[in-house]
Amino acid sequence: MAVGASAFTIAILGAGPKGLFALESILAQSHTMSAKLRIDLFDPQEPGIGAAYQPSLPNYLRLNVDANIVSTWPRERRSALRPSWREWAQSVEPTIAAEGFPSRAAVGRYFRWSFQRLVESAPHVQVRHIASTVTDLRRSHCGRWHVLPDTDRGPYDEVLLTVGHGATWDGALLDAGETPVTSVYPIENLDTVAPHTRVRFRGAALTFIDGALALTEGRGGRFEGHGAHCRYVRSGSEPRSIYPSSRSGSFLHAKPRTVLPRNATDAALKEWTKVDSGDVDSMEESIVGAAHAILWELGVPAAHERILETLRTGWDPAQPLTGAVGVRAVDAFRESVEIGRGEKHPGPAYALGRAWAIGYQTVVDRFPGPSPDWEKFMALAATLERFAFGPPLVNAEKLLALIDAGLVVSDYIAGSLADGGPYDKCIDAVLPPPGWRRLTDPLVTSLRDSGHVSIPDGRRGIMITDDAQVIGNRGATHGLSALGRPTEDTVIGNDTLNRALHDTPERWATRVMRRIEGTG
């Protein structure tokens, strides 16, 4: 029914970028409504920035996606008063406006400004920030929701879950020596690592790179020179040695500096049009075809069989398999940096990474696939993401300099955490996984146990409809919605700042507005 004199109330749990995008969507559709509306955002951090984009973060913690995609407003609603990050930075922080991968702190300053701009532009809506971590939701007999942080808040007509990364999960590092560091973030956690010690990291991906930079550049070390001449100068306050570990026995590949020529991109896109919805085999064929087309257009063709084996094994069969795994890991990483700088001809791994990035919108639109193929899809995605979504070249060059300086040691990258020990510290650089299956946060546990949310067999994320309404054990859960990381596998590709990748926030806002106005 339409809202009368009393306000329609919405609680958004999690006020990071996904919560900010949802707020923008609902406010954009609220200008023509006749009802009163109140929106409360629950997050211990400032609205918009979450934990990952705090303006106080050091500048060496960089964005891992091209800043051109970052915008609080979708393209159709952008203007001089509603700018993208790039447009905002040109007037507010011009010295960094041209950077492809700016600091996360700079992006956080933009999101903080965006939240203030959104609130100012919607004086007809009451928007409040409640600085609390929500631990539970309770549904009243009339179907409205009570939010339980430190005290009971509510009731709310609609609750939206945009809580982002979980805090605790069943695979966390709990027993690795006497004093493990259970998370790289907040970065101050690493202050407990003493200088001149041997440090073991669980993980070798982006979070590991952040941790390694915090223990080196963050302690007064410096990088001199650029490109192939980049080298690390010790401060004397860093650890003696840093040992990453990885289930794949490899590092992520560096992002290339330059974009593909248009003819190569078009050739790859043509191959992606052949993907059948939900068909993992056809996806594999299209990716291999797209990678082959890219290399052909670049004048460095490779056989389909070589590309396919690289995709299925994670290693280029044309590269020698001799030597220790750690040596191979560094060689492959170094090659990705050299290719990224344009110093070496690209090969299958480079082309597969570019093909995955080019076709990612197709993946989002046409998958997840049928359950029998899900394990194959996940295996392919893990390899492709290692090739496509690694560090920006500036941080990849820093990691390579740390390796060449003997600070980062790959000898035991494929081993257990105990291999090569004893270590003075063990640091968990593996984040809680997406979805809610393995999280142990109180809110997650409560909603799973109550049956208000459901997770399909073999998947990680909670089920939602096309307009973000949560599907529980008994069907759609009235008044409860979810966007972003909690839904991974139901919706693909949630770890992104690209608003154009998903239209679910818009669909959610449309459904809620219909409910407010009594038309849906």
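The values are calculated or read from the model by the stated rules, or taken from the named source; none is laboratory data. Every value quoted in this text rests on a predicted model; they were computed, and no experiment measured them. Note that we place each Cβ from the backbone using ideal geometry, even for glycine, and neighbour counts take in every protein chain shown.
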Original post:
Is one or more of the residues making up segment 48-58 touching a Gly at 6+ places or on another chain (Cβ under 7 Å), over 11 Å from V107 (Cβ atoms) and modelled with pLDDT of 95 or more?
Top reply: yes
Original post:
How do the strands (runs of 3 or more DSSP E) wholly within segment 134-213 filter down when requiring 2 or more residues that are farther than 21 Å from E238 by Cβ and among the aliphatic types (A, V, I, L, M): which remain?
Top reply: 145-148, 158-161
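For V125, are the conditions met, namely being in contact with a strand residue (DSSP E or B) (Cβ under 6 Å, 6 or more places away or on another chain), touching a residue at least 12 places away in the same chain (Cβ under 8 Å) and surrounded by 15 or more Cβ atoms within 10 Å (Cβ to Cβ)? Steps first, answer last, please.
Numbers: in contact with a strand residue (DSSP E or B) (Cβ under 6 Å, 6 or more places away or on another chain): yes; touching a residue at least 12 places away in the same chain (Cβ under 8 Å): yes; surrounded by 15 or more Cβ atoms within 10 Å (Cβ to Cβ): yes.
Considered against the rule, which asks whether it is in contact with a strand residue (DSSP E or B) (Cβ under 6 Å, 6 or more places away or on another chain), touching a residue at least 12 places away in the same chain (Cβ under 8 Å) and surrounded by 15 or more Cβ atoms within 10 Å (Cβ to Cβ), V125 comes out as yes.
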Original post:
Is segment 77-88 home to any residue that is surrounded by fewer than 18 Cβ atoms within 10 Å (Cβ to Cβ), touching a Leu at 6+ places or on another chain (Cβ under 8 Å) and over 30 Å from S450 (Cα atoms)?
Top reply: no
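State all residues of segment 381-395 that are assigned to a helix (DSSP H, G or I) and of a type in the set (A, V, I, L, M, F, W, C); if no residue qualifies, say none. Spell out how you get there, then give the answer.
Pass one, segment 381-395, residues assigned to a helix (DSSP H, G or I): 381-388, 393-395.
Residues satisfying the conditions are A381, A382, L384, F387, A388, L393, V394.
What number of residues within segment 405-426 are in contact with a helix residue (DSSP H, G or I) (Cβ under 6 Å, 6 or more places away or on another chain) and of a type in the set (A, V, I, L, M, F, W, C)? Can you show your working first?
Residues of segment 405-426 that are in contact with a helix residue (DSSP H, G or I) (Cβ under 6 Å, 6 or more places away or on another chain), as a first pass: 408, 410-411, 413-414.
Next cut, of a type in the set (A, V, I, L, M, F, W, C) only: 408, 413-414.
Looking only at that region, the number is 3.
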Original post:
Can you tell me which residues in segment 407-465 are assigned to a loop (DSSP other than H, G, I, E, B), touching a residue at least 12 places away in the same chain (Cβ under 8 Å) and aliphatic (A, V, I, L, M)?
Top reply: L407, V409, I413, A414, L417, A429, V430, L431, V453, I455, I462, M463
**OP:** Have a look at G326, G340, G353 and point out the one that is closer than 27 Å to V408 by Cβ, surrounded by 19 or more Cβ atoms within 10 Å (Cβ to Cβ) and touching a Lys or Arg at 6+ places or on another chain (Cβ under 7 Å).
**Re:** G340
Subject >> Selection count where residues are free of Cβ contacts under 8 Å to residues at least 40 places away in the same chain, in contact with a strand residue (DSSP E or B) (Cβ under 9 Å, 6 or more places away or on another chain) and within 18 Å of T72 (Cα to Cα), scope segment 85-116 >> reply: 2
Original post:
If only one of E46, E24 is in the same structural domain as L483 (by TED's automatic domain parsing), crowded, with 22+ Cβ neighbours inside 10 Å and not β-branched (V, I, T), which one is it?
Top reply: E24
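Report yes if T151 is at pLDDT below 95, assigned by TED's automatic domain parsing to the domain that holds V491 and surrounded by fewer than 16 Cβ atoms within 10 Å (Cβ to Cβ), otherwise no.
yes
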Original post:
Mind checking which pairs have a first residue in segment 139-153 that is within 19 Å of V470 (Cα to Cα) and a second that is of a type in the set (F, W, Y) and surrounded by 11 or more Cβ atoms within 10 Å (Cβ to Cβ), Cβ under 7 Å, 6 or more apart or different chains?
Top reply: R139/W145; R144/Y156; W145/Y156; V147/F42; V147/Y156
**OP:** Look through segment 472-502, keep the residues that are in a loop (DSSP other than H, G, I, E, B) and hydroxyl-bearing (S, T, Y), and return whichever of them is surrounded by the most Cβ atoms within 10 Å (Cβ to Cβ).
**Re:** T490
Original post:
Does V512 satisfy the condition of being at pLDDT 95 or above, assigned to a loop (DSSP other than H, G, I, E, B) and not hydroxyl-bearing (S, T, Y)?
Top reply: no
Subject >> Scope segment 215-265; condition crowded, with 21+ Cβ neighbours inside 10 Å, among the hydroxyl-bearing types (S, T, Y) and within 22 Å of the chain's Cα centre (by Cα); matching residues >> reply: S245, S246, S250
Subject >> Out of E271, E285, sole residue that is over 30 Å from C230 (Cβ atoms), surrounded by 19 or more Cβ atoms within 10 Å (Cβ to Cβ) and charged (D, E, K, R) >> reply: E271
**OP:** Within segment 70-100, work out how many residues are within 19 Å of A500 (Cβ to Cβ) and outside any helix (DSSP H, G or I).
**Re:** 11
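Select from segment 8-33 the residues that are in a loop (DSSP other than H, G, I, E, B) and under 21 Å from the mean Cα position of the chain (by Cα) and list them in ascending order.
The initial filter retains those residues of segment 8-33 that are in a loop (DSSP other than H, G, I, E, B), namely 14-16, 29-33.
Correct list: G14, A15, G16.
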**OP:** Considering only segment 26-40, state which residues are hydrophobic (A, V, I, L, M, F, W, C) and modelled with pLDDT of 90 or more.
**Re:** I26, L27, A28, L37, I39
Original post:
Is there any pair with a first residue in segment 493-520 that is under 24 Å from G164 (Cα atoms) and a second that is in a loop (DSSP other than H, G, I, E, B) and of a type in the set (D, E) whose Cβ atoms are under 8 Å apart and which are 6 or more apart or on different chains, and what are they?
Top reply: T504/D466; T504/D467; R507/D466; R507/D467; W508/D467; T510/D467; R511/D467
